[in-house]
Amino acid sequence: MLVKPETVIGWHKRAYKFYWRRKSQGGRPKISHETIALIKRIHKENPTLSPEKIHERLVALNIADVPAPNTIAKYIRYKRKPPTDKQMQSWKSLLRNHAKGIWSMDIATVSTLTFKTLHILLIISHSQL
């Protein structure tokens, strides 16, 4: 039986999805509508509060299902001051000015045929730009 490489890759992708769907059942706990309303009310009353400070207030109020600050940030419109013209610097000029001291890092994952996960760490120096 001859099979195209695309077919084998498709089979692996489907099997991998099935494998992780079974492995990761459960997920994050749901946040109640009352807690979301309380987050929005606290933010409306104090729009300068960061998601971290709102999290601290919810903990102080002994709320049962306190979400993490990054989850709280999804439910509020957190405004930052726009930078002035003096503060603006393009990415190109930033890289040119600081290239000797800048390193970039990224982490990627790759699945093997046996569904093992390989982690790849990539580090790049920008000093040659």
* Highest to lowest packing among 53-62, 99-108, scored as the average C-beta count within 10 Å -> 53-62, 99-108
* To do: Please go through the residue pairs Lys53/Lys74; Lys17/Lys40; Lys23/Lys74; Lys17/Lys74 and name each one whose alpha carbons sit more than 24 Å apart in this structure.
  => Lys17/Lys40; Lys23/Lys74; Lys17/Lys74
* Structure fact -> Over the chain, the sum of -39500 (n - 2.57) across DSSP H runs of at least four, divided by residue number and rounded to 500 deg cm²/dmol, gives at 222 nm -13500 deg cm²/dmol
* Distance between Cα centroids, segment 38-58 to segment 61-78: provide it in whole Å. => 8 Å
* Work out from phi, with θ = phi - 60° and the Karplus expression 6.51 cos²θ - 1.76 cosθ + 1.60, the ³J(HN,Hα) of each residue of segment 6-15, listed in order in whole Hz, and give x for Gly and Pro. => 4, 5, 5, 5, x, 4, 5, 4, 5, 5
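Values quoted throughout were computed directly from the atomic coordinates according to the rules given, and no laboratory measurement underlies them. Bear in mind that the values here come from a model prediction, so they are computed numbers and not experimental data. Positions of Cβ are backbone-derived with ideal geometry, glycine not excepted, and every protein chain shown enters the neighbour counts.
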